[in-house]
Each structure stands twice: as C-alpha cells, then as structure tokens.
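Notes for the one structure printed next.
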Amino acid sequence: MHLFESDVVISGIGQSAVGRRLGRSGLDLTVEAARVALADAGLTRADVNGLSAYPSMHDDPGFGPVSVYELKEAMRLELDWIVGMPHSMGQFGPILEGAMAISSGLADHVLCYRTMTESTAQGAASRSSVTGRPRASLNQTIEYFMPYGLASASSWVALYMQRYMHEFGATREQFAGLAMTERRHAALNPKAIYRAEMTLDDYLGARMISDPVGLYDCDAPIDGSTVIILSRKGACPRPENAVNVEAAGAGMRVSAYWDQSPDMIEMAATGAARRLWERTDLRPSDVDVALLYDGFSYLAIAWLEALGFCGRGEGAAFVEGGERISLGGELPLNTQGGHLSGGRLHGFGMLHEACLQVRGDADRRQVSGAELAVASAGGGPLAGCLLVSAPA
C-alpha cells in the first residue's frame, strides 16, 4: 500500500507575533506567519498552488477570523487546489488534506494555516466561544446542553476528567504535574503567554471553572497565527529545513457528540493513534519528544494513553511530579509550554514546535538529539496526529 506521507515534507514553518489582545486583524497575523514560513522554505508566494485551513470561516470571528478566500486574495495566490471547511479531522485536517492533495498530484506546495484572535474577541462585546453563536455550529445540540449548564467545552471535558478520576483514582495533584511542567517549559519560550513560576498551591488554589477542571487546566486564549507549508518531496529549495512526515493518523470512531461516549473516558484520539502506528514500523519508544494537544489538561493525558506512552488509566501517574515529561526526562512533553502556558494556537503550535525540535532549532528548550517527534490535535470526537522526523 502506497502511503501519501512518503510523498510529502514540511518545507517551511512560520508564526506571527503571539499575545493577548494584540489589536491586529486575523488577516494581518496570517500574512505575517505566511511570510515567515515562505522564507523558511525558500519559496515565494508564486510557488504556492494549494491552500488549506480549518475551520476557515466560523460563525465566531475569534475562532475562525480568516477565510481561505480572503487569504488567497490578500496574497494574490494562483491556486490549483483549495479547501477550507468547518467539519474535518480536527485541527490537523488541513495538514492531512494538503498532504493528500500533493500525493495525488493536485498541488506542489500547500500553505496550511490556523489563526486565532480569541483574546481580542473576548474583550469585545461578543465573547468568543468554541460553540459560536447560539443555534450554530453544533446542529442545535447546544440546546440540549444548556439546561444542564454544559455551555462550554470546559464543562464537556469536566465530565470526562471526573469520570477518569473516579475510575482510576487520579487526583488533581497528579494533573498539576502537567500544568507546572508546561509552565517551566514556557519560561524558556519568549512567545509564551505565561512564563512566571507556578507552584502546586497556585494550581490547586486557582478558581474552579467546571469541577474538576480548574483555571490552570484550561488553555490561554491568544491572538496569533501559525503557517505550515507542505511540499512535494524533492521540490524544496531548502532541503535542510524539510521535515519528513513519517505517519499520520485520524478518525472518528466515537460519537460526534461529546456527551455520547459509551464510557465518558475514551475519545477519538484512541482510534487516530491506532491508525498512526499502523502506518509505520516506528514505535512509541522511538519518540524523542511529544507535543500533545492540551486545550485542557485532561486531553494531553488522553493522548498520552492513546499513543501508547503509558497504559489506560496511567496517564495522570505518568505526569505526576513532572520528572518524566520535563526536558531531560523520559518523554519531554509540550516543550514550548503547550496551550496551557504557551497559548491556544489550536494544534498548529504543536506541529510548529515538533518541527523546531527535530530540526534542532528550539533554542533553550531544545531536546538533545531529538530526531523523532509526535504531534497531536483535538479532543472528544476530533483527533489527528502526525509523526515527524529530522531532515535527511
């Protein structure tokens, strides 16, 4: 079986300024990130003939502030392939779709982007929310959630985290190991939103958002854009930057609705991770650094278990104290600070950091000898993951 991953490399990466309420449009941030990525790849805008985004436009402008049409016109791109849709394989959908477009011959260089202006949107009259405006984006299922206070993703995740703690005896003190370690990593990342030290008392004493999800179990809304450029293997002007895509996984073998999981523990990550390892001879023990989606702390635990770094129900103990997931530990995790401290770049920030790590470009947070990284995105019914390796 021919695998599309073998035809594609990540030729360039770019990121805009990242911060709270930057006062810049989503388009401005996206163009900035695109320019950085093009320079990184040694390409010009004239070379780009594919464009891919998730969710492109969303009914909440902070969540999806830049459509593929808007960016195409702003950059004057001449395209042979374009996709931007709200329903996909989660945040990594544009990456997988772009890679398949290249493998099938529909494009040579695909610019994939994810832009967020949630921080600015939260300061505006209309608060940003993953659910968007009422009666939109969730096929009206939000109407069934609202009477029970399930008004946001924090409440949905709380159901899973509470069940997990009940089933496996996990504690908030164990979850604190993840948040505290990511904060230490964030201190080494000049773009991270939160860099001040976090203590166990800070974590446990922070206000409860939706029991047992506390403030520091939640990602930090930001303004920022990340661009990933995919290219046909062998067509890169700067092969020294070309990161190999070893394997990809995605899927939705669970209900499309957060509240309909059979056990309120398993997420789509389980199936996506299984597909990833089915498409490669590499194993979890080969991975040098992991960038696992942490829109909420529980999601990173779910990905740790799904990807086979520990057994079912063992994720909270794996991160307890932080030693195993710190720089120099058994599995350095979310070395840029993750979403919890680095800022909610919605999955693309994970892949950006994975590429920096295997290229040896992560500066003070560089994992020594990192050659293979796994990046994941999504929670609940959404899941995608990628295994990437150092340039040849």
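So the values come out like this:
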item	result
Subset of segment 1-37 [within 17 Å of Gly224 (Cα to Cα) and assigned to a helix (DSSP H, G or I)]	Gly26, Leu27, Asp28, Leu29, Thr30, Val31, Glu32, Ala33, Ala34, Arg35, Val36, Ala37
Any pair with Cβ under 7 angstrom, 6 or more apart, that starts in segment 14-28 at a residue that is among the charged types (D, E, K, R) and ends at one that is buried (at least 17 other Cβ atoms within 10 Å of the Cβ) and assigned to a loop (DSSP other than H, G, I, E, B)	Arg20/Ile193; Arg20/Ile222
Condition check for Ile301: assigned to a loop (DSSP other than H, G, I, E, B) and either of a type in the set (A, V, I, L, M) or out of contact with any Leu (no Cβ under 7 Å at 6 or more places or on another chain) (or both)	no
Subset of segment 261-299 that is among the polar types (S, T, N, Q) and surrounded by fewer than 18 Cβ atoms within 10 Å (Cβ to Cβ) - its residue that is farthest from Leu327 (Cα to Cα)	Thr280
Selection status of Thr117, buried (at least 18 other Cβ atoms within 10 Å of the Cβ) and either on the phi < 0 side of the Ramachandran plot or at pLDDT 95 or above (or both)	yes
Qualifying position, being more than 30 Å from His109 (Cβ to Cβ) and of a type outside the set (A, V, I, L, M, F, W, C), among Arg253, Arg275, Arg238	Arg253
Selection within segment 49-68 - out of contact with any Asp or Glu (no Cβ under 7 Å at 6 or more places or on another chain), surrounded by 18 or more Cβ atoms within 10 Å (Cβ to Cβ) and within 18 Å of Val31 (Cα to Cα)	Leu51, Ala53, Tyr54, Pro55, Ser56, Met57, Pro61, Gly64, Pro65, Val66, Val68
Leading residue by the ranking (farthest from Ser368 (Cα to Cα)) among those in segment 244-273 that are under 18 Å from the mean Cα position of the chain (by Cα) and in a helix (DSSP H, G or I)	Gly271
Which numbered condition Asp201 misses (of (1) at pLDDT below 95; (2) over 21 Å from the mean Cα position of the chain (by Cα))	(1)
3 or more residues of a type in the set (A, V, I, L, M) and under 23 Å from Glu323 (Cα atoms): qualifying helices (runs of 4 or more DSSP H) within segment 141-234	172-186
Test result for Ala206, surrounded by fewer than 23 Cβ atoms within 10 Å (Cβ to Cβ), closer than 23 Å to Phe318 by Cβ and in contact with a Leu (Cβ under 6 Å, 6 or more places away or on another chain)	yes
Condition broken by Leu71, with the remaining ones in (1) surrounded by fewer than 21 Cβ atoms within 10 Å (Cβ to Cβ); (2) in a helix (DSSP H, G or I) satisfied	(1)
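Every residue, every condition in (1) closer than 25 Å to Val157 by Cα; (2) surrounded by fewer than 24 Cβ atoms within 10 Å (Cβ to Cβ), yes or no:
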position: Ile301; (1), (2): yes, no
position: Gly311; (1), (2): yes, yes
position: Pro332; (1), (2): yes, no
position: Gly380; (1), (2): yes, no
position: Pro391; (1), (2): no, yes
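The values are calculated or read from the model by the stated rules, or taken from the named source; none is laboratory data. These numbers were taken from a predicted model, which means no experiment stands behind them. No Cβ is skipped: glycine too gets one built from the backbone with ideal geometry, and neighbour counts run over all protein chains shown.
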